[in-house]
Amino acid sequence: MDSEQIEIAWRAASALRPQVLDLTLPDPAEDWFANRCGPNPLLDELFETTDLLLTPTTPGPPHGHDGPGSRINTSLTWTFNLSGHPAISIPAGFDCEGLPVGLQAVARHGREADLIAAAHAVLTSSAVEVAPWPP
């Protein structure tokens, strides 16, 4: 994951005053390709004590029409596509090349309202650079 993506997403997340947890989710590629869905014990345990999980929406900058190359830009969204957890990508600012960066918020099942509240908090805070795109 690119440090610039993390920094921009984290700056936007500061409006939510997140508690930092050391959580590493397993790579969901095997489940994705097997087309299996179902409970994720690690996420179930996390959401027993956590309202929102915050990540950059993608691990790197946007790619051109030729595709992402060796990096899979959906690596931070796959798990939630499979688990069914509600998620939202919130505009977080722009990288050094003026390209948009997103902050992904993921909530407990049935807690879509938490995502709307988070998006509102981020977008109305001074932590996010609001500018028309493209610059």
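The values are calculated or read from the model by the stated rules, or taken from the named source; none is laboratory data. None of these values were measured; they are calculated from a predicted model. Note that each Cβ is placed from the backbone with ideal geometry, even for glycine, and that neighbours are counted across all protein chains shown.
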| Close pairs from segment 60-77: first over 15 Å from Glu4 (Cβ atoms), partner of a type in the set (Phe, Trp, Tyr) and part of a loop (DSSP other than H, G, I, E, B), Cβ under 8 Å, at least 6 apart | none
| Of (1) without any contact (Cβ under 8 Å) to a residue 24 or more places away in the chain; (2) within 20 Å of Arg11 (Cβ to Cβ); (3) of a type in the set (A, V, I, L, M, F, W, C), Leu115 satisfies all except one. Which? | (1)
| message | Restricting to segment 30-49, name every residue that is at pLDDT below 60 and surrounded by 11 or more Cβ atoms within 10 Å (Cβ to Cβ). | response | Trp32, Cys37
| query | Can you pull out the residues in segment 54-93 that are among the aromatic types (Phe, Trp, Tyr) and surrounded by fewer than 19 Cβ atoms within 10 Å (Cβ to Cβ)? | reply | Trp78
| request: Answer with yes or no whether Asp95 is touching a strand residue (DSSP E or B) at 6+ places or on another chain (Cβ under 7 Å) and more than 20 Å from Leu23 (Cβ to Cβ). | output: yes
